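Everything below concerns the one structure shown next.
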Amino acid sequence: MAHAAVPDFEQRLVDFGSARFTQLRPGQRQVLAAYAEQHLDTADLAIEMPTGEGKTLLALPIADNALDRADGRWPT
């Protein structure tokens, strides 16, 4: 299977236009990098991080990327 381009999750976060969430935390960057490297085609994925580390924020660019791929808008 050919590998797709690595998504730019930092840019996706900026594109959401949130005044509060403008950049990823270091731990979030690390998790998204591992996801992009190892799990882009994984159907079900669990992310384990301590309370308050931003798991929900991680889910947003992952879901946004998945929707783009499903719509054929990959890569963006």
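Values in this text are rule-based calculations from the coordinates and carry no lab data. Only a predicted model underlies this, so the values are computations on that prediction, with no experimental measurement involved. All Cβ positions, even for glycine, are placed from backbone atoms using ideal geometry, and neighbour counts span all protein chains on display.
Details
- Extension gain from residue 8 to residue 34, taking 0.36 nm per residue of separation minus the Cα-Cα distance: 8.1 nm
- Relative protection proxy for 9-22, 51-64, from highest mean packing down: 51-64, 9-22 (other beta-carbon atoms within 10 angstrom).
- The chain, relative contact order in percent, only Cα pairs under 8 angstrom and at least six apart counted: 37 percent
- Projected label distance in nm at residue 23 and residue 51, using a 7 Å step from Cα toward the beta-carbon: 2.8 nm
- Measuring how big the chain is from its alpha-carbon positions, Rg and Dmax come out at 12.3, 39 Å.
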